[in-house]
Amino acid sequence: MHSQKTKDKIKDVVIVGAGPAGITAAIQLKRSGIESVLFEGESVGGLLKNAHLVENYPGFPGGISGSDLISRFEKQLEETGVAVTLEEVTKLDYTDDRFVATTDRGETVSFAAVIASGTRPKRLADVSFLDGTEDRIHYEVHPIAGIRKKTIAIIGGGDAAFDYALTLSRKNRVFILNRSDRTRCLPLLFERVEKTKNITYLPSHPIGEVRSDGHTLLIVPDESKAGGKDILRADHVIAAIGREPRLDFLGPSLLKNLDRLTKKGRLFMVGDVINNVFRQTAIATGDGLFAAMKLSDMLRRERI
Ligand code: NDP
């Protein structure tokens, strides 16, 4: 039985997450005449909000910034007549052979579900952040994308760290602190960083502690792993040390039936939530489109 707060009638599809994967699924379902509810707990775009320049999404010679691509997605959603329901799905479960998405506004029941919930940043567990630093430690670039004339220390050595550095270097001074001498980023990004005068890349620079002197942050190297490094001063720290799937809202009954529902084509996981380090907009949109086309086919057959 579903609670009294259940919204209206049973929907065909619930989509959790309005990043590139969820948006594409919603647009294609709409084109196929299938009713879906597209939930988003934060804002449209997902991780794309952080992207400096997307250069492998066809149709944009010279690349396009993440925020400009999101604006185009939003326009397309509007033109297609897809509404985004700005409510966070706190639980997605499976009961009485239906999916039940719970938000603080009630429950939405559906026949099929698309999980496009993306990732959340891994937290830095091995660095001590002392009192007075909390509000200047970040895990993504978009909350501070508008700042200028500041110094930012970015911890990490992958695409995200280098990409965030390029975004922020347009108006700020940036240090990239990599714990080893091995980068994981594209050589292309490394070369761009090398050519950008506002960015200093510091390899073999593990951090032990971040504290505040009341004015700036003091970023103290981990002496046990790499001695003789200087303490750096910065206004903000961004930890870009990888991300993990956002799946903590899946209910017990859904988890129990996950494989069966996936095999039956009633449940799809699309985009970054399943793609590990292959976090690319073009992959996510392809995943979303594929899921929507499979669902359209399945729902058409179910209705006959
Ligand atoms: P990665 O896993 O590629 O890199 C994580 C980095 O964080 C590594 O340098 C790792 O170091 C370091 N790290 C991990 N844990 C710690 C820790 N506890 N302390 C200090 N450093 C740590 O993740 P990214 O998020 O950077 O990139 C993943 C994928 O996202 C890419 O492969 C790409 O597909 C996509 N992406 C693409 C972008 C683009 O093309 N412009 C931009 C952003 C993301 P170590 O090597 O020592 O383990």
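The values are calculated or read from the model by the stated rules, or taken from the named source; none is laboratory data. Nothing here was measured: the structure is a model prediction, and the numbers come from that model. Please note: Cβ atoms are built from the backbone with ideal geometry, for glycine as well, and neighbour counts cover all protein chains shown. Surface accessibility is based on the protein's heavy atoms, side chains included, excluding ligands, DNA and RNA. Shrake-Rupley method; radii C 1.70, N 1.55, O 1.52, S 1.80 Å.
Miscellaneous remarks
- For segment 157-207: Kirkwood Rh in Å [reciprocal of mean 1/r, alpha carbons]: 10.7
- Helix-only mean residue ellipticity at 222 nm for the chain, each DSSP H run of n ≥ 4 adding -39500 (n - 2.57), per residue, nearest 500: -8500 deg cm²/dmol
- Cut-off 12 Å between beta-carbons: net charge of the residues surrounding residue 193, Lys and Arg +1, Asp and Glu -1: -1
- Panel note: the C-alpha atoms of the chain, placed on their principal axes, show extents of 72, 42, 30 Å (largest first).
- Taking every C-alpha pair closer than 8 Å and separated by at least 6 residues, the mean separation divided by the residue count of segment 147-288 gives a relative contact order of 21 percent.
- Accessible-area ranking of 142, 236, largest first, probe 1.4 Å: 142, 236
- Based on C-alpha pairs under 8 angstrom that are at least 6 apart in sequence, segment 100-208 has a relative contact order of 22 percent.
- Heavy-atom accessible area per residue - segment 110-231, 1.4 Å, Å²: 51
- Summing +1 for each Lys or Arg and -1 for each Asp or Glu among the other residues whose beta-carbon sits under 14 angstrom from that of residue 118 gives -2.
- Partners of residue 264 within straight-line reach, counting aspartates and glutamates whose Cα lies under 19 Å from its Cα and excluding those fewer than 8 residues away in the same chain: 12, 93, 96, 97, 287, 297, 302.
- Positive contributions from Lys and Arg (+1) and negative ones from Asp and Glu (-1), summed over other residues with Cβ under 14 Å from the Cβ of residue 287, come out at +1.
- Measuring max minus min along each principal axis, the C-alpha atoms of segment 160-258 give extents of 53, 33, 27 Å (largest first).
- Measure of compaction for segment 209-304 (Cα Rg per 2.2 N^0.38 Å): 1.83
- Across the chain, the relative contact order, built from alpha-carbon pairs under 8 Å that are at least six residues apart, equals 23 percent.
- In degrees, nearest ten, helix 20-31 long axis to first principal axis of the chain (Cα): 20
- Angle in degrees between helix 159-168 and the longest Cα principal axis of the chain, rounded to the nearest 10: 70
- Semi-axis lengths, Å, segment 1-121, gyration tensor of Cα atoms, sqrt of 5 times eigenvalues: 29, 15, 11
- Cα pair distances in segment 99-147, grouped into 5 Å bins until the bin that holds the longest one, percent each: 4, 12, 15, 15, 12, 10, 14, 11, 6, 1
- Taking all protein chains together and a 1.4 Å probe, the residues 269, 293 rank 293, 269 from largest to smallest accessible area.
- Near the amide H of residue 129, within less than 5 Å, lie the amide hydrogens of 210, all on another chain or at least 5 residues away, with H placed in the peptide plane.
- Taking every protein chain into account, the 1.4 Å probe leaves residue 216 with about 20 Å² of accessible area, to the nearest ten.
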